[in-house]
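Written below as C-alpha cells is the structure these notes are about.
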Amino acid sequence: MLEKTVKAHVRKRLKELGAYYFFPVQMGLGTTTVDILACYKGRFIGIECKRPGEKTTERQKFVLMEIEQAGGRILVIDSQEKADAITADTLTR
C-alpha cells in the first residue's frame, strides 16, 4: 500500500466525520509540518501518514511533539484499517 492510499482513506474518514482538514504544501518556507492538519469540534489534530511498517522521521516526531505540547491531538496512520478506525472519540480525546 502506498502512502497516498493511506492519505486517501484518512481524507475519506475525516470527510465522513465532518472534520475540516487540509494537506499543506511544503515549499521550504516557514515551519515544517505533518501531512494533514485538521480541526474537529474545536480540537486541532496533526496527522502523519505512512506506508505500512514505515516509521516517522526525527523531524516528524519533533513536529508531532510540538503539536501535542500545544494541546493538539496527534495521529500516525499507517494502514487503511487505522484510517477506517478514526472516530469522533479518536479525534477529541
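A few notes on this one:
- Relative contact order (%) - criterion: Cα under 8 Å, at least six apart; region: segment 3-92: 33 percent
- Segment 4-25 and segment 38-93: distance between their alpha carbon centers, rounded to Å: 11 Å
- 18 Å Cα-Cα reach of LYS82 towards lysines, excluding residues that sit fewer than 8 places from it in its own chain: LYS4, LYS7, LYS12, LYS15, LYS50, LYS55
- Note on the chain: Cα-only Rg and Dmax are 12.4, 34 Å.
Rule-based calculations on the coordinates, nothing more; no lab input. If you're wondering where the values come from, they're calculated on a predicted model, not measured in any experiment.
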